Every structure is written in structure tokens, then in C-alpha cells.
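**Student:** Mind having a look at this structure? Questions to follow.
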Amino acid sequence: CDLGRRYKITKIAFKGHKLFSEEELRAMMKEAREGLDYSENTVGRDAARIREKYGERAYILAEVAPTHVIDREKPEVGILYTIQENQEVSVGRIVIQGNTKTRTDVILPELKDFTPGEKFNNKLLSKGIARHRDRGYFDAQGGILYRTESGGAPNERDVVIDVKEGPTGNNRFAGGFSSSFGILGILEF
């Protein structure tokens, strides 16, 4: 691409998809559309959305690789999303690490929709992680992160959840004097 030159998207195509139809794939795209200006960032974000939808259907190892074909005569570009679906994945073990104060049996129920043996659904896992963030048990900045690892079977992935626990309680003591009320004190646990 020439620096500073705007390219219009003239065609978007898909290759290698079986799970979703072309219409369904197009509906997943929110930013890159035919007739709009080409941006590598918007194409990449749409590829990530497509991968996410595959992940909701247990294809968390799906690969979505966008490539572009530039017209040398006109400022136009075509986009081809090559999809390698790979295999459907199920949930293996769920391993909690880093919890020194919070018991594992307190953490696991928040992942109630995401259980071992079921088809892997990254949306349900994200909802469970969000429930934990809302509870406030863990540090607000990066207090709960997850990753997947190979499981016991080829089509199984273990989920490792790393937690960084936040403070479990606060103590506060305060005192003062007021001419209207006399000596004041606050004791908070």
C-alpha cells in the first residue's frame, strides 16, 4: 500500500469455513465492509470477533487469517479471511492457582455454566470470570487471569485460572473533638 493513499474495500470473501455460513460470518463483522476504507486494525478486530464466535461453539483453536489483495491500478483492496476450524474442544480440568485465602470451593461455583466434560465455550468462561471480578475477592488490576493448556485427550483443554487475592478486610480508627458533640470516635472493621 502507498503511504497516505486510502483504499476502499471492494470485496470480502471467506475460505475454509464449514461451521458458519458466509452470511453468518458477514453478520459477525462489525467494522470492515465493502465500500468502506480499508484499515488493517478494523480487519484484525473483525477476525478476532469471528474467532470469538468459533470459541463460543467449542472451536477455541480455530484460526482466522485475513489477507488483502491490492489493485495496483485503482485504490481498491479485497479481503480474504482464510479459516482453519480445527477440532471441537471440551473442557478438561479447571485448576485454580494463587488462592491462599479464598478456598477453591468458593471460586468454582461462579463458573457454574462452565464445567469439565462440557463443550468449551469461551463466552461462558468469560462470564464466570466477570462474576468473580464483580465479587471483589481478587485484586482489581489483573487479579484474575486465565489460560488454557493441553488436557488429557487431544480434543481437551485444561483451564488454569491464576488469581491474585485482594485485601480481605480493613481496619480504621478515627477520632476527633467537636464543640457541639464533644469527643467523637469511629471504629470500623
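**Student:** In the stretch 87-114, which residue that is in a loop (DSSP other than H, G, I, E, B) and more than 27 Å from residue 47 (Cα to Cα) is nearest to the chain's Cα centre (by Cα)?
**Tutor:** 112
**Student:** Looking only at the stretch 151-166, which residues are among the charged types (D, E, K, R) and outside any loop (DSSP other than H, G, I, E, B)?
**Tutor:** 156, 157, 158, 162, 165
**Student:** Applying the selection to the stretch 29-57, what residues are within 17 Å of the chain's Cα centre (by Cα), more than 15 Å from residue 80 (Cβ to Cβ) and of a type in the set (Gly, Ala, Ser)?
**Tutor:** 48, 55
**Student:** Next question, about the same structure. In this structure, does residue 76 turn out to be modelled with pLDDT of 85 or more, surrounded by 15 or more Cβ atoms within 10 Å (Cβ to Cβ) and over 18 Å from the mean Cα position of the chain (by Cα)?
**Tutor:** Working: modelled with pLDDT of 85 or more: yes; surrounded by 15 or more Cβ atoms within 10 Å (Cβ to Cβ): yes; over 18 Å from the mean Cα position of the chain (by Cα): yes.
It is true that residue 76 is modelled with pLDDT of 85 or more, surrounded by 15 or more Cβ atoms within 10 Å (Cβ to Cβ) and over 18 Å from the mean Cα position of the chain (by Cα).
**Student:** Would you tally the residues in the stretch 99-121 being among the polar types (S, T, N, Q) and in contact with a His (Cβ under 6 Å, 6 or more places away or on another chain)?
**Tutor:** Residues meeting the conditions: 0.
**Student:** Scan the stretch 132-150 and tell me whether some residue there is outside any strand (DSSP E or B) and among the β-branched types (Val, Ile, Thr).
**Tutor:** Checking the stretch 132-150: not a single residue is outside any strand (DSSP E or B) and among the β-branched types (Val, Ile, Thr).
**Student:** Quick check on my filter: what residues within the stretch 115-131 are in a helix (DSSP H, G or I) and touching a helix residue (DSSP H, G or I) at 6+ places or on another chain (Cβ under 6 Å)?
**Tutor:** Of everything in the stretch 115-131, those that are in a helix (DSSP H, G or I) and touching a helix residue (DSSP H, G or I) at 6+ places or on another chain (Cβ under 6 Å) turn out to be 122, 123, 128, 131.
**Student:** Scan the stretch 87-123 for residues that are touching a residue at least 40 places away in the same chain (Cβ under 8 Å), under 15 Å from residue 60 (Cα atoms) and open to solvent by 30 Å² or more (accessible area, probe 1.4 Å) and jot them down.
**Tutor:** 87, 88, 119, 121, 122, 123, listed by residue number.
**Student:** Take the stretch 58-106 and flag every residue that is among the aliphatic types (A, V, I, L, M) and either at positive phi or out of contact with any helix residue (DSSP H, G or I) (no Cβ under 7 Å at 6 or more places or on another chain) (or both).
**Tutor:** Within the stretch 58-106, 58, 61, 65, 69, 70, 77, 80, 83, 89, 91, 95, 106 meet the criteria.
**Student:** Also, quick follow-up: Against the conditions (1) open to solvent by 60 Å² or more (accessible area, probe 1.4 Å); (2) within 16 Å of the chain's Cα centre (by Cα), where does residue 84 fall short? Just the number, please.
**Tutor:** (2)
**Student:** List the number of the failed condition for residue 10; all other conditions in (1) open to solvent by 20 Å² or more (accessible area, probe 1.4 Å); (2) closer than 25 Å to residue 119 by Cα; (3) not in a loop (DSSP other than H, G, I, E, B) hold.
**Tutor:** Only one criterion is unmet by residue 10, namely (2).
Each row is one residue, and each column tells you yes or no for (1) open to solvent by 90 Å² or more (accessible area, probe 1.4 Å); (2) over 24 Å from residue 147 (Cβ atoms); (3) part of a helix (DSSP H, G or I).
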| site | (1), (2), (3) |
| --- | --- |
| 17 | no, yes, no |
| 26 | no, yes, yes |
| 33 | yes, yes, no |
| 41 | yes, yes, yes |
| 47 | no, no, yes |
| 52 | yes, no, yes |
| 61 | no, no, no |
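The values are calculated or read from the model by the stated rules, or taken from the named source; none is laboratory data. It should be emphasised that the depicted structure is a prediction, and the values quoted were computed from it without experimental measurement. In this analysis, Cβ positions are derived from the backbone assuming ideal geometry, glycine residues included, and neighbour counts consider all displayed protein chains. The area values use the complete protein model at the heavy-atom level, side chains included, leaving out ligands, DNA and RNA. Shrake-Rupley method; radii C 1.70, N 1.55, O 1.52, S 1.80 Å.
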